[in-house]
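These notes concern the structure reproduced below.
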Protein chains: 2
Amino acid sequence: MVVNSSAELTDDEVDRIFRALADATRRDIVRRTLAGEASVSELAGAYSMSFAAVQKHVAVLEGAGLVTKRPRGRERVVRGNPDAIRRAQRLLDAYEQIWVARIGRLDALLDDTPPQQ
Amino acid sequence: MVVNSSAELTDDEVDRIFRALADATRRDIVRRTLAGEASVSELAGAYSMSFAAVQKHVAVLEGAGLVTKRPRGRERVVRGNPDAIRRAQRLLDAYEQIWVARIGRLDALLDDTPPQQ
DNA sequence: GTAACGTACAACCACATGGTTGTAAATAGC
DNA sequence: GCTATTTACAACCATGTGGTTGTACGTTAC
């Protein structure tokens, strides 16, 4: 599990987060478990693939910190982790800020350029 | 190339965007080309891998709409696409909103519950 | 014109990924 | 206690991914 909630993320952690989000089934699992927790077998019932396949998808999401799993009797209850979503948002924000800064530099360049002649 | 800039994204398009972001070299290419455009060979010079490997990474990013390429003489100039970043941000926002709505429902439930006895 | 540069693309390889089936173990229900 | 349910996990398979090298082609510079 990922412990860092405020610190920088390693490349591997970022890889896992985006990799986990790069599959429609996994995104749907995130969506469902953010809306309300669900057992692995409840999730498996929602998709036309084997239980084991869904189990693997949940494991990938858990490895990325996008969901957490806790035991309840013989079930494992899966819950979406909004913190991981926010971490990903901050990453994308950083990229947009790089672009915004570039535009800012261009604007400053234009402003600072005195009229020619 | 992706034409949809305001419309809904298909699952495949979303897959490609997150897949493209799930690699540290590709994220670095996005970072560099958002800060300022660069030719493929300039990019290739920045990494300890073959030109062809970097070329493939650029192709993956282009397929996801995260960068665009335009010819300039014998070079191909790569430029980061801030719109694609914003599309990804909107996707993550939607997931966070699902969670926010769930918490809102829980709060409303608590507020609406009359004191017992 | 020729040589160097920048790119494109195919072929190949090792390994990861997304799916399957099968087996085993823990828990719940009767 | 027995049976059904739920999960875990291994083994396997087809395909995708990230890297390589090699070859070909357009463009630039001299």
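The values are calculated or read from the model by the stated rules, or taken from the named source; none is laboratory data. Everything quoted here is computed from the prediction, not taken from an experiment. Note that we place each Cβ from the backbone using ideal geometry, even for glycine, and neighbour counts take in every protein chain shown. The area values use the complete protein model at the heavy-atom level, side chains included, leaving out ligands, DNA and RNA. Shrake-Rupley method; radii C 1.70, N 1.55, O 1.52, S 1.80 Å.
Under the condition of being more than 7 Å from DNA strand C (Cβ to nearest atom), assigned to a strand (DSSP E or B) and surrounded by 14 or more Cβ atoms within 10 Å (Cβ to Cβ), the residues counted in the range B:52-76 number 2. Scanning the range B:39-51 for residues that are open to solvent by 40 Å² or more (accessible area, probe 1.4 Å), near DNA strand C (Cβ under 6 Å from one of its atoms) and not small (Gly, Ala, Ser) yields one hit, B:51.
Within the range A:84-101, the presence of a residue that is modelled with pLDDT of 95 or more and within 13 Å of DNA strand C (Cβ to nearest atom) is excluded.
Could you check the range B:64-83 and list, in sequence order, the residues that are among the basic types (Lys, Arg) and within 13 Å of chain A (Cβ to nearest Cβ)?
The initial filter retains those residues of the range B:64-83 that are among the basic types (Lys, Arg), namely B:69-70, B:72, B:74, B:76, B:79.
B:79, the sole residue that qualifies.
Only one of these is away from DNA strand D (no atom under 12 Å from the Cβ) and either exposed (fewer than 12 other Cβ atoms within 10 Å of the Cβ) or among the basic types (Lys, Arg) (or both): A:80, A:36, A:104. Name it.
Matching residue, one of A:80, A:36, A:104: A:104.
Among all residues of the range B:38-60, there is none that is of a type in the set (D, E, K, R) and either touching a residue at least 60 places away in the same chain (Cβ under 8 Å) or within 14 Å of chain A (Cβ to nearest Cβ) (or both).
Candidates B:106, B:110, B:92: the one that is without any contact (Cβ under 8 Å) to a residue 12 or more places away in the chain and either touching a helix residue (DSSP H, G or I) at 6+ places or on another chain (Cβ under 7 Å) or within 27 Å of residue A:102 (Cα to Cα) (or both) is B:92.
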